[in-house]
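Have a look at the structure below, then the notes.
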Amino acid sequence: MTVKPVTTLNRSSSRPAAGHQLLIQAVAPARESPLLLLSRRIADAGCNLVESRVATVGADVSVLLLAKGAWDAIAKLETALARIGRDENLHLLSYRTEARDQQSHLLPYMVELVAADKPGVLVELIDFFNRRKISIEQMSSMRYQAMQTGAEMFQAQLTIGIPAETRIAELRDEFMEMCDGLNLDAIMDPVKF
């Protein structure tokens with residue numbers, strides 16, 4: 001058995017005593033999901049799980065967790081991660097990070113897209129927002145076969161952050177023009193809570 005150490009990136013800087021955070025990413029076969037194991041290690045170390053994302057992609061599961069705690073609790077968690085990172089079926093990456101700055105100048109919008117599957121659709125979508133300095137906050141996409149016709153289809157959902165000074169009607173017109181040119185069915189609406 002090959003011993004594979006956990007990868008730890010060092011991004012240290014001065015932080016407030018109560019604000020230490022550790023970002024943990026784990027990928028493993030879906031049948032061996034590390035979610036429960038990592039959640040327990042976070043709690044056992046005396047940290048709080050403040051954010052999480054779990055996604056099954058192909059035959060694997062990807063787990064992204066953000067733990068928060070005092071400096072000694074984070075250190076204890078890092079030690080525990082080093083031990084469990086030796087499992088050859090678990091790919092683990094962790095590093096210390098900081099709390100995200102509040103971005104109150106960004107307006108949250110949801111973009112949904114459905115189209116016949118063809119190479120480069122997602123790249124065009126990402127490029128459209130990137131050129132306009134619009135952040136992609138969350139994104140998920142998949143290919144599937146249409147039940148009625150068997151056609152190969154593509155679907156994507158994005159949550160974007162639009163700078164408040166952006167003219168929304170103008171942006172929406174440009175977005176719809178791009179979608180029409182690529183033969184995509186899409187909507188862009190504000191996120192409602």
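No value in this document is a laboratory result; all are computed from the given coordinates. Every value quoted in this text rests on a predicted model; they were computed, and no experiment measured them. All Cβ positions, even for glycine, are placed from backbone atoms using ideal geometry, and neighbour counts span all protein chains on display.
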Legend entry - Packing rank of 114-122, 185-193, where each peptide gets the mean count of other beta carbons within 10 Å, highest leading: 114-122, 185-193
Inset, instruction - Grab the Cα-Cα distance for Arg31 and Lys192, subtract it from 0.36 nm times how many residues apart they are, and report the gain in nm with one decimal. - result: 54.4 nm
Inset, instruction - Any chance you could check the Cα centroid distance between segment 87-126 and segment 71-85 for me, in angstrom? - result: 27 Å
Legend entry - Backbone N under 15 Å from the Asn183 label point (7 Å along Cα→Cβ), restricted to segment 138-170: 151-154
Legend entry - Rounded if a/c under 1.5, otherwise prolate or oblate - segment 106-190, Cα gyration tensor axes: prolate
Legend entry - Helix-only [θ]222 nm of the chain, DSSP H runs n ≥ 4, -39500 (n - 2.57) each, per residue, nearest 500: -8000 deg cm²/dmol
Legend entry - Rounded to the nearest 20 debye, dipole of segment 33-178 from Cβ charges on Lys, Arg, Asp, Glu: 480 debye
Inset, instruction - Sort all Cα-Cα distances of the chain into consecutive 10 angstrom bins from zero, then give the percent of pairs in each bin up to the one containing the longest distance. - result: 8, 27, 26, 25, 13, 2
Legend entry - Under 13 Å from the Cα of Lys68 - aspartates and glutamates, other chains or at least 8 residues apart: Asp44, Glu51, Glu78, Glu98
